[in-house]
Amino acid sequence: MTDNPGGYPPAGGYPPPPPGSQPTPQGGYAPPPPPGGYPPPPHGNYPPPGAFPPPQGGGYPNAPAPVLPKEAYTPWFTRVLAWFIDNIPVFIIVGIAQGIAILTGDNNCVDYNGGLSCTSSYSVVGSIVTFLGSVLSLAYVVWNYGYRQGTTGSSIGKSVMKFKVVSEKTWQPIGFGLSVVRQIAHIVDAIICYIGYLFPLWDRKRQTIADKIMTTVCVPITPQGSMPGAGPQHY
């Protein structure tokens, strides 16, 4: 004789579910099948994070460089005037140094066949002043054409004549290093009888050979947003 009155099984007397089977939720109903009638994927059958390559940014190809009419680029004569303005400080520094060297020079005269033959040479002071003038001129050129033009797009002369040097790919200043390299590339313009400097007279983009090597163009300084590649204006 049992101690369970009524013949019902004791509470909690159900056998445990077999391993791997899902327990029946409270209420006695099985969970509905996944949408679409497909069985759920087995546990852990997912690819690890990073298994797929990241999507390309934007999904759009790079925009081609803008094509502008020849009149949109800086004329040759304007560039020549800017060059003269840029080199005024160099002319002044070198002129002062040479003047001091000549005034302080040593004259050496010798008697030759009944006449005097004189030669001039720099004094110590003249040599020092000439050296310092060369160093100061070089420092100015590197600052003006390298740093100033590379970071702002315009040297002193170009600022006065209101145009700038930019990359024709990004329409932004090319930076200090590339701006110095661009000045060195002007050697190519000079070694062919300076014809490279005349290229802007007939070239469609008014580029010198150095500009073509460095993929740069000279364009007027305009308000932000009016040239290709410039950002939107804010009012």
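Values in this text are rule-based calculations from the coordinates and carry no lab data. Bear in mind that the values here come from a model prediction, so they are computed numbers and not experimental data. Here Cβ is always computed from backbone atoms with ideal geometry, including for glycine, and neighbour counts include all displayed protein chains.
Extent along the principal axes, Cα only, for region 70-220: 69, 29, 23 Å, with the longest axis given first. Residues Asp111, Asp211, ranked from the fewest to the most other C-beta atoms within 10 Å, line up as Asp111, Asp211.
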